[in-house]
Amino acid sequence: MTTQVPSPSSVPIGALVPLSRPGWAEAGRHLLAGLETAVQEVNDAGGITGRPLDLLVRDTAADPQRAAAAVDELAGLGVAAVVGEYHSVVARAVAARTEALGLPYLCSSAVLDALADRPTDRVARLCPAQSHGWRIYADFLLDAGHRRIAVATQPSVYWAAGARILREHLAPRGGTVVELDTGALSPAELCGELLRHGATALLLLVGHPEPAVPIVRALRADQRLAEVLIGAPAGQPEFAEWRALLGGQGAAVPFLRYLPERLGPRGERVAAALRARLGEEPSFVAFEGHDTVTVLAEALRSAGTDHERIAAAWPRLSVEGTRGPIRFTRPPGSAVWQWAWPPVQVVDRDPSAPDRFRILRTG
């Protein structure tokens with residue numbers, strides 16, 4: 001059930017998702033589909049000790065201030081916990097605000113390592129930390145023979161962190177990273193810079209569809225750069241909009257996604273339900289949404305709706321999710337409870353059939 005205000009007989013949970021621009025609305029739609037599908041499953045099975053889950057959805061539009069205000073509103077409505085979010089800078093604001101209000105927060109899909117500025121027991125996260133996934137991606141580049149890497153960037157804490165992770169991981173292994181500012185360079189000028197630096201790979205650390213799509217089109221049209229690999233570690237090619245805008249030009253662009261090589265019976269069953277709800281193939285973000293509610297429901301069953309008890313339950317949980325068993329620990333340097341680690345893949349769209357994905361590496 002998705003509502004604006006909770007029913008007195010329900011267990012309300014707040015859900016934060018980007019559903020409008022400038023947020024990545026397509027990712028938000030998949031995240032919400034996962035959340036809603038799992039809520040329906042929990043309620044069909046009797047809810048939480050006979051009380052249905054009530055999903056109170058708020059659109060963050062990738063705006064940290066809007067998200068923090070939504071947390072305040074949801075706290076006033078008496079939610080047991082807050083879930084969701086896709087954009088890392090928004091999730092950081094949510095983590096800070098829920099910590100200040102004493103609310104548990106289960107982050108679905110925001111990977112920035114520094115999700116919280118100091119250790120907190122309130123916040124747990126299902127997606128892998130950015131440094132974990134992006135190091136796997138860097139190893140993929142090295143194994144494919146790429147040592148001179150260019151990154152097309154925009155101002156963002158998330159993109160800056162990604163560039164730093166790549167540089168720190170590649171440098172000791174003989175790799176170099178040059179940053180190309182898309183605010184100062186047109187797509188054609190960026191192509192010239194790639195030639196000047198002799199880069200063999202360009203990674204898109206930029207928003208989608210702008211400026212990612214024009215950059216891909218410019219590179220694909222420049223025969224001088226025919227051998228340059230285009231990569232998108234943040235996962236832009238995962239979604240149908242990428243395929244619709246770029247067609248075959250969007251194939252062979254490796255990206256990160258967080259799925260196992262093969263789903264188990266539970267994952268396949270959930271995939272069918274997500275496919276029916278979305279009307280298309282579910283992305284890894286939809287599975288993250290589903291796992292979020294599955295984990296929170298188990299916490300609610302064991303701890304009730306008391307905020308302190310829910311937060312204390314994170315390290316004791318052991319839940320079978322769509323992508324494997326989920327447990328939370330504190331990896332070195334983590335300020336939050338973390339599933340360490342979800343499955344990680346480097347994947348691209350098959351040039352011979354762009355609707356099909358090829359698994360290039362697992363980690």
Mind checking which residues of the range 347-363 are at pLDDT below 95 and under 21 Å from S108 (Cβ atoms)? G363
Of everything in the range 271-308, what is within 15 Å of P104 (Cβ to Cβ), outside any helix (DSSP H, G or I) and open to solvent by less than 70 Å² (accessible area, probe 1.4 Å)? Give them in sequence order. G304, T305
Go through the residues of the range 337-346 one by one and say whether even a single one is under 17 Å from I230 (Cβ atoms) and at pLDDT 95 or above. yes
When residues of the range 82-100 are limited to those that are of a type in the set (A, V, I, L, M) and surrounded by fewer than 24 Cβ atoms within 10 Å (Cβ to Cβ), the one farthest from A25 (Cα to Cα): A100
Among residues belonging to the range 33-53 that are open to solvent by less than 30 Å² (accessible area, probe 1.4 Å) and in a helix (DSSP H, G or I), point out the one that is farthest from E280 (Cα to Cα). V42
Could you please give the count of residues in the range 5-32 that are β-branched (V, I, T), over 13 Å from the mean Cα position of the chain (by Cα) and open to solvent by less than 10 Å² (accessible area, probe 1.4 Å)? 2
In the range 343-358, which residues are more than 25 Å from G321 (Cβ to Cβ) and of a type outside the set (D, E, K, R)? P351, S352, A353, P354
For the range 337-355, state whether one or more residues are of a type in the set (K, R), out of contact with any Gly (no Cβ under 7 Å at 6 or more places or on another chain) and either open to solvent by 70 Å² or more (accessible area, probe 1.4 Å) or farther than 16 Å from P119 by Cα (or both). no
Give the range 72-100 a look and list any residue that's out of contact with any strand residue (DSSP E or B) (no Cβ under 9 Å at 6 or more places or on another chain) and either in contact (Cβ under 8 Å) with a residue 12 or more places away in the chain or assigned to a loop (DSSP other than H, G, I, E, B) (or both), or say none. D72, H87, S88, V89, R92, A93, A96
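Specify the residue that is nearest to L205 (Cα to Cα); the eligible residues are those in the range 249-265 that are assigned to a helix (DSSP H, G or I) and in contact with a helix residue (DSSP H, G or I) (Cβ under 9 Å, 6 or more places away or on another chain).
In this case the residue turns out to be G250.
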Taking the condition in contact (Cβ under 8 Å) with a residue 60 or more places away in the chain, touching a strand residue (DSSP E or B) at 6+ places or on another chain (Cβ under 7 Å), on the phi < 0 side of the Ramachandran plot and aromatic (F, W, Y), does F255 pass? yes
Condition check: surrounded by fewer than 14 Cβ atoms within 10 Å (Cβ to Cβ) and not in a helix (DSSP H, G or I). Does E268 satisfy that? no
When only residues in the range 182-239 that are exposed (fewer than 15 other Cβ atoms within 10 Å of the Cβ) and of a type in the set (A, V, I, L, M, F, W, C) count, which is nearest to R257 (Cα to Cα)? A226
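The values are calculated or read from the model by the stated rules, or taken from the named source; none is laboratory data. Fair warning: this is a prediction, and the values are worked out from it, not measured in the lab. In this analysis, Cβ positions are derived from the backbone assuming ideal geometry, glycine residues included, and neighbour counts consider all displayed protein chains. The protein model used for the area step is the full one, side chains on, heavy atoms only, and it has no ligands, DNA or RNA in it. Shrake-Rupley method; radii C 1.70, N 1.55, O 1.52, S 1.80 Å.
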